[in-house]
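The values are calculated or read from the model by the stated rules, or taken from the named source; none is laboratory data. Not measured: the values here are computed from a predicted model. All Cβ positions, even for glycine, are placed from backbone atoms using ideal geometry, and neighbour counts span all protein chains on display. Ligands, DNA and RNA are stripped out before the accessible areas are found, and what is left, the full protein with its side chains, is counted by its heavy atoms. Shrake-Rupley method; radii C 1.70, N 1.55, O 1.52, S 1.80 Å.
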Amino acid sequence: MSDQASAPEAGEPDSELPETEGTGRPLTDLEQRILQAAKITSSMAQGPRDRYIREIVGMPPTRYHQILNALLDLPAAWAAEPATVKRLRERRQRNRDRYW
């Protein structure tokens with residue numbers, strides 16, 4: 001028997017979510033707007049969601065999703081919007097499990 005704890009396998013969701021302490025750098029205004037848009041647009045259909053992103057966030061939806069995906073790994077994003085970040089991380093993991 002091995003005394004080492006088993007490491008999580010690739011593709012498994014993080015068992016520990018980041019603490020609010022030590023969040024690193026603060027979120028920029030743009031990053032905060034992107035998190036708020038993610039919170040608001042979660043129940044919108046594709047067309048209205050894309051229009052909202054273009055008008056309120058001020059960028060194409062593709063770029064918005066790229067930045068949002070990177071934000072999900074920042075402790076400061078977790079500290080700012082834990083429920084939204086958790087929901088989006090779980091969705092990202094389900095998609096990875098399905099397609100990867």
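Classify the stretch 48-100 as rounded, prolate or oblate from the Cα gyration tensor: take a ≥ b ≥ c as the square roots of its eigenvalues, call it rounded if a/c is under 1.5, otherwise prolate when a/b beats b/c and oblate if not. Oblate shape, in that a/c is at least 1.5 and b/c is the bigger or equal ratio.
Atom-type composition of the exposed protein surface of the stretch 20-85 places 54 percent of the accessible area on carbon and sulfur (1.4 angstrom probe).
Accessible area per residue for the stretch 57-100, computed on protein heavy atoms with a 1.4 Å probe, is 62 Å².
The magnitude of the dipole of the stretch 20-77, with charges of +1 and -1 set on the Cβ of Lys/Arg and Asp/Glu and taken from the Cα centre, is near 220 debye. The listed peptides 89-100, 65-76, ordered by packing as a protection proxy, come out as 65-76, 89-100 (highest mean of other Cβ atoms within 10 Å first).
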